[in-house]
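K.L.:
Sharing a structure here in structure tokens format.
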Amino acid sequence: MQDNTCRMHDNTSRPAVRASLHADHRELDSLLQRLMFAFKTNAGDEIDRLWGEFESRLLAHMEAEEKYLVPCLRRSHPGEIERLLEEHGLLRKKLLEFGTQLELHLTRLEIMRSLASALHAHASHEDRLYEWADSELAGKERSSLFSAIAHRTLSLVHR
Ligand SMILES: [Fe+2]
Ligand SMILES: [Fe+2]
């Protein structure tokens, strides 16, 4: 059966997936930089707050990609999708490792640096997928993807 969400679409008038997800990457990176600064300056409460925000937003970003991009692009770009899922697995492992260290007061700057570099590498690998998503993702999935990310952002702003 033909999957209606994955045909080529005339998306010229629709908001761009690539621009929106890149903007979310930049915000995640900025949160991580602030977290590293808070850690270096020993700002305890700020570390907990920034960590909570960074973790929820990164998890929401990855979940949105897995829910709306992966099903659409899996058939046309299987290798790239496999790499995306492997890297998400690695990032979740690093989040867990960092969260555990934080709870045990054993946090090391090294794990934050390693998280930052894994995040940068992953973001650059996703660039091509976002371009494909811009031509292949249908309007309904596109809107759901944007609201999954925006909803997360709004709930954090109003917390
Ligand atoms: Fe991702
Ligand atoms: Fe991403």
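K.L.:
Sort 89-102, 65-78 for me by packing, meaning the mean count of neighbouring Cβ atoms within 10 Å per residue, highest on top.
P.N.:
Descending mean neighbour count gives 65-78, 89-102.
K.L.:
Then there's this: Rounded to whole Hz and in sequence order, give me ³J(HN,Hα) for region 116-133 from the Karplus expression 6.51 cos²θ - 1.76 cosθ + 1.60, θ = phi - 60°, writing x for Gly and Pro.
P.N.:
Karplus-based 3J(HN,Hα) across region 116-133 equals 4, 6, 5, 5, 5, 4, 4, 4, 6, 5, 7, 3, 5, 4, 5, 5, 5, 4 Hz.
K.L.:
How big is the gap, in Å, between the Cα center of region 49-119 and the Cα center of region 14-43?
P.N.:
One Cα centre to the other: 13 Å.
K.L.:
I would also like to ask the following. Give me HIS125, HIS61 sorted ascending by neighbouring Cβ count inside 10 Å, so fewest comes first.
P.N.:
Ranked by crowding around the Cβ, least crowded first: HIS125, HIS61.
Read-outs: derived from the displayed coordinates by stated rules, not from any lab. Since this is a predicted model, take the numbers as computed values, not measurements. All Cβ positions, even for glycine, are placed from backbone atoms using ideal geometry, and neighbour counts span all protein chains on display.
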